[in-house]
1. Kindly establish whether GLY220 is loosely packed, with under 15 Cβ neighbours inside 10 Å, under 21 Å from TYR116 (Cα atoms) and within 19 Å of the chain's Cα centre (by Cα).
2. Would you confirm whether or not the stretch 98-113 contains a residue that is basic (Lys, Arg) and out of contact with any helix residue (DSSP H, G or I) (no Cβ under 6 Å at 6 or more places or on another chain)?
3. Quick check on the stretch 81-97. Is at least one of its residues at pLDDT 95 or above, of a type in the set (D, E, K, R) and touching a strand residue (DSSP E or B) at 6+ places or on another chain (Cβ under 9 Å)?
4. Name every residue in the stretch 177-217 that is surrounded by fewer than 20 Cβ atoms within 10 Å (Cβ to Cβ) and hydroxyl-bearing (Ser, Thr, Tyr), in order of residue number.
5. Mind listing just one residue for me: the one in the stretch 367-404 that is of a type in the set (A, V, I, L, M) and out of contact with any Leu (no Cβ under 8 Å at 6 or more places or on another chain) and, of those, surrounded by the most Cβ atoms within 10 Å (Cβ to Cβ)?
6. List pairs: first in the stretch 265-293 and more than 22 Å from LEU182 (Cβ to Cβ), second at pLDDT 95 or above and exposed (fewer than 11 other Cβ atoms within 10 Å of the Cβ), Cβ under 8 Å, 6+ apart or cross-chain?
7. Restricting the search to the stretch 68-97, which residues are surrounded by fewer than 21 Cβ atoms within 10 Å (Cβ to Cβ) and of a type outside the set (Lys, Arg)?
8. Within the stretch 265-303, can you find the residues that are open to solvent by 30 Å² or more (accessible area, probe 1.4 Å), within 23 Å of TYR194 (Cα to Cα) and touching a His at 6+ places or on another chain (Cβ under 8 Å)?
Amino acid sequence: MLGYLALFASLASATTLYATHYSGSVYTLNLSQRNGNYKLSLAAANITCGGMPSWLTLDCSSSAPYCTGRTLYCSDETGDATTNGTLTSYAVGRDGSLTQLAKVVDVGGGVHSVVYEGDDGAKYLAVAHYTGSAVSTFALPIQPGDEPLQILRYQTPPGPLPQQDSSHPHEIILDPTGSFILVPDLGADVVRVYAIDKQSGQLNTCPSLSYTPGSGPRHGLFWSSRHSHRDDPRILNNAGKEAPVTMLYTVSELSRHFHAFAVSYLPSGCLGFRETQDFVPYPGGEIPQGASLAELQQAGSNLYASIRSDHAFSGNDSLATLSRSKNGTVTFQELTSAHGLVPRTFVINKAGTLVAIGDQSTSNVAIVSRDPASGKLGDLVANIQVGEPGKPGTSTGLSSVIWAE
């Protein structure tokens, strides 16, 4: 009997994903595999995360199989600097089912969030608000009626491009030590930097990282050799001893550039940045007119950037594969298909074997294979349309996708 069960497990397996659609729904998807063949199906839909669900953050440790007892947070992009949006939490069941726990009023225009930690196991959620021109934080778990722990509002003069009419925070980035939060602000041409007060969960302002006017930094990520499991590059410090490398990589939506910065932890309690690279991650060093960079992810020694509206693959858009060397230098490798239009978001599973691409305008979730050894993206193995297609350049269609890992 045990032999039969082991054989069955090797032949069939299933994974849960969650996706949001700007029409108002949060979807539960099942990716099943049997004898090497994948199938992506719709398991459930919840219309409970405000009028414009935009982003999902799963509070789930790697030691908790199926995220049992864990919490999913959904940000609602409804509203702006003068009207409110919502933040909703869900309990995640062993079967991937979602049960709403709480919904609270938040600043409008929420588009991204990250869980961070304080002292004695305390947890907090930071949310970036694009049209709300703000960052809010909440003590976790949220309860009905809770108010934000902190609201940081930004009033900046208009930038040089029409998309920069005001401050537009687009993402929350947690540094490798869990001590700092960074906020790319597309409207203000800065990445805002905050030191986390571990005792209170408050964010304390540090000097920002400034970009050339009209850049529009959108998304980014950290990489540190100290926290790398695949390699351990070192550089020499002034004393001639080896020291770990920490890098910040960002993509700018408006200038369509990739930037790399060497990061230092300063005695002042803030961060220092030294730019090491600035290039366009595209063949020939030029992205087609009307196309732009969106998401940035990493796995192993590779980075990946999604490119919206370049129509490079029979009308479909692209993902750019980048290679990171041991000293943190990044080079462009190749383009592959996003298997849809306007890849707003994409995520790599923990095993590094599959990539889920959320194509906003075609409103589909495409699953492509990935070789963990080489980092190359392979064939489309599963695909499903989730909700109605959206219109490019508008907040319609699919808005996010994540693995339940």
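1. Answer is no for this residue.
2. There is at least one residue in the stretch 98-113 that is basic (Lys, Arg) and out of contact with any helix residue (DSSP H, G or I) (no Cβ under 6 Å at 6 or more places or on another chain).
3. no
4. If the condition is that a residue be surrounded by fewer than 20 Cβ atoms within 10 Å (Cβ to Cβ) and hydroxyl-bearing (Ser, Thr, Tyr), then THR177, SER179, SER200, THR205, SER208, SER210, THR212 are the ones that fit.
5. Ranking the candidates gives LEU398 first.
6. VAL280/GLU286
7. THR68, GLY69, ASP80, ALA81, THR82, THR83, ASN84, ALA91, GLY93, ASP95, GLY96, SER97, listed by residue number.
8. Hit for the stretch 265-303 is GLU275, nothing else.
The values are calculated or read from the model by the stated rules, or taken from the named source; none is laboratory data. All values derive from a computational prediction rather than experimental measurement. Every residue, glycine among them, receives a Cβ derived from its backbone with ideal geometry; neighbour counts consider all protein chains shown. In case anyone asks, the SASA skips ligands and DNA or RNA and just uses the protein heavy atoms, side chains included. Shrake-Rupley method; radii C 1.70, N 1.55, O 1.52, S 1.80 Å.
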